[in-house]
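**Q** Okay, here's the structure, questions in a sec.
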Amino acid sequence: MEGPGRIVVVSADIGAGHDAAAAELARRLRGRGLLVDRLDFLEVLPAPARWAVRDAYRSVLRRLPWGYDVLFRLTGRSRVSASVLRSLLRPVRRRMRRAIPPDTRVVVTTYPFANQLLGPLRRQGRLAVPVISYVTDFVVHPTWLAPGVDVYCAVRHAEVHPPGAAEDVEVTVVRPLVPAAFAASAAADRRTARQRFGLPLDERLALIVAGAWGAGDIAATVAEVRATGQVRPVVVCGRNEELYRRLRGGEHVFGWVDDMPTLMRAVDVVVENAGGLTCQEALACAVPVVTYRPIAGHGRANASILARSGLTRWVPGPDQLGPVLAALVGEADGAPPDRAGDPGARPGPAAAGSPARPDLAGPTADPAGVVAEAAGRAGSAGVEERARRTVLDSVGDAVAVVAALLQATGGPR
């Protein structure tokens, strides 16, 4: 084909991590001369389903975290849950096909549920171009896995769950989709960065983050970090206005921060609870990272992988928090780490001591390069035949939904 080619990047307005990865990928692809369309997966769904996917999920994560943890564990044991999800999404496939322009060469997803729509379309021949998925977590949960997805791009140390599912999954190890401003921040002037945010110039600072939603018990984390006496907390509440109102009486509390690279180079250590985008940004900055009070589900799963890989320290309780923070800020200052006073980090390599500047990228591929190479080999999606769907096809969709609901509830009673 002639011309630069079009790439469709499908994300979801859930938290900030999926959209942020999509935005960085789009920026890199445009830099390579490709046309890029952004598509929000939620906009393809009917309004009630949109509420269930985003708002209900957020409510469960905040108010019933134990329930979300149980659900995450149960659905992580096999790929049956993903099969049920695909059946429930089947009536939306036509809307998704219509959202893909006919000159598209590759579709890229950064949100797992989108795989369950696009994978079947690709497998059935209704989408003629490759589907590539960029996994935003360190744990590749079964909800990411869908027949028809050509390639999964995952960062180093990511693990496919359950382990046996990796046999028929093509995974390409890539560098994280983190803007270059984070990687460049290590050489920046810390004093200027602190002045930019009105932070004390001569104290050790811990940046406490909890994603765009401010999920988790952040108030307890702030109090326990402050009680160690090792660092002064700097808190980012994201878009959680209720959390911001509760904490803003403290000295250094921010809502949504646009300039996170500068804020990260202003601090000595980052304390996080999800292992997602912010954790990857901190690692790119070469700022030591502590995982503390990880949120349910994917937060705990990511924490386990990060700690085993030696990328972060997972501190199990407040008694261990002070020694770990003391060791890490000592490393940041150039002092030898006191491992005898660092009993809290767990498990495996993290307890033995992670490198002061862990490398998450290494000799791996740029996700934009993987996508651009696939686009160079691909044809176009083609002009959709608007009348292709028949009455029988629609009936089949309805039957599939009913069957999925029965399967999810244990069958007819």
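**Q** What are the principal axis extents of the Cα atoms in the range 166-310, in Å, biggest first?
**A** Principal-axis extents of the range 166-310 (Cα, largest first): 52, 33, 26 Å.
**Q** Measuring with a 1.4 Å probe in the full set of protein chains, what accessible area per residue, in whole Å², belongs to the range 80-180?
**A** Value for the range 80-180: 33 Å² per residue.
**Q** Okay, next question. Evaluate the charge dipole of the range 1-133 about its Cα centre and quote only its size in Debye, nearest 20, assuming +1 on the Cβ of each Lys and Arg and -1 on the Cβ of each Asp and Glu.
**A** Working: 25 positive and 10 negative charges, 87 e Å.
Taking the Cα centre of the range 1-133 as origin, the dipole is about 420 debye.
**Q** Please state the charge dipole magnitude for the range 256-330, taken about the Cα centre, from unit charges on C-beta atoms (+1 on K and R, -1 on D and E), reported in debye and rounded to the nearest 20. Intermediate results must be reported in sequence, preceding the final value.
**A** On the way: 5 positive and 6 negative charges, 63 e Å.
That gives the range 256-330 a dipole magnitude of about 300 debye.
**Q** Report the gain in length on full extension from Ala220 to Ala56: 0.36 nm times residue separation, minus Cα-Cα distance, nm rounded to one decimal. Provide the component values of the computation, followed by the final result.
**A** Values: separation 164, 0.36 × 164 = 59.04 nm, distance 2.43 nm.
Between Ala220 and Ala56, full extension yields 56.6 nm more.
**Q** Separate question: Only loop residues by DSSP count here, and only those with at most 14 other Cβ atoms within 10 Å; note down the GluC sites (Glu not before Pro) in the range 127-235 that meet that. If you can, show how the numbers build up before the last one.
**A** Numbers: sites: Glu159, Glu167, Glu170, Glu203, Glu224; in loops: Glu170, Glu203.
Within the range 127-235, the qualifying GluC sites (Glu not before Pro) (loop, at most 14 other Cβ atoms within 10 Å) are Glu170, Glu203.
**Q** How much FRET efficiency would the formula 1/(1 + (r/R0)^6) give for Asp168 and Asp259, where r is the Cβ-Cβ distance and R0 is 56 Å, rounded to 0.05?
**A** On the way: r = 43 Å, r/R0 = 0.76.
According to the calculation, E is roughly 0.85.
**Q** Fully extended, how many nm does the chain gain between Ala365 and Arg77 (0.36 nm per residue separation, minus their Cα-Cα distance)?
**A** Numbers: separation 288, 0.36 × 288 = 103.68 nm, distance 2.96 nm.
Value of the extension gain: 100.7 nm.
**Q** A further question on this structure: Just name one of Ile218, Ala282, Met264: the one whose Cα is farthest towards the positive end of the charge dipole of the range 169-286 (beta-carbon charges, Lys/Arg +1, Asp/Glu -1).
**A** Met264
**Q** Counting other Cβ atoms within 10 Å, which GluC sites (Glu not before Pro) in the range 1-107 have at most 11 and lie in a DSSP loop? Intermediate values should be presented prior to the final figure.
**A** Details: sites: Glu2, Glu24, Glu43; in loops: Glu2.
Those that pass, being in a loop and sparsely packed, are Glu2.
**Q** Scan the range 201-275 for trypsin sites (Lys or Arg not before Pro) in coil per DSSP, keeping those whose Cβ has at most 16 other Cβ atoms within 10 Å, and list them by number.
**A** Numbers: sites: Arg204, Arg226, Arg239, Arg245, Arg246, Arg248, Arg265; in loops: Arg204, Arg239, Arg248, Arg265.
Counting only loop positions with at most 16 other Cβ atoms within 10 Å, the trypsin sites (Lys or Arg not before Pro) in the range 201-275 are Arg239, Arg248.
**Q** Given the whole protein assembly as supplied and a 1.4 Å probe, what does the accessible area of Asp55 come to in Å², nearest 10?
**A** Approximately 40 Å² for this residue.
**Q** Quick query: amide H of Asn240 versus all other amide H atoms, modeled in the peptide plane; which residues come in under 5 Å with a sequence gap of 5 or more or a different chain?
**A** Here the answer is Gly214, since their amide H atoms fall under 5 Å of that of Asn240.
**Q** Ignoring ligands, DNA and RNA, what percent of the 1.4 Å accessible area of the range 18-70 is carbon and sulfur?
**A** Numbers: 1680 of 2850 Å².
Looking at the range 18-70 in its full context, I get 59 percent from C and S.
The values are calculated or read from the model by the stated rules, or taken from the named source; none is laboratory data. A quick note: this is a predicted structure, and the numbers were derived from the prediction, not measured. Positions of Cβ are backbone-derived with ideal geometry, glycine not excepted, and every protein chain shown enters the neighbour counts. Note: accessible area is taken over every heavy atom of the protein model, side chains too, but ligands, DNA and RNA are not part of it. Shrake-Rupley method; radii C 1.70, N 1.55, O 1.52, S 1.80 Å.
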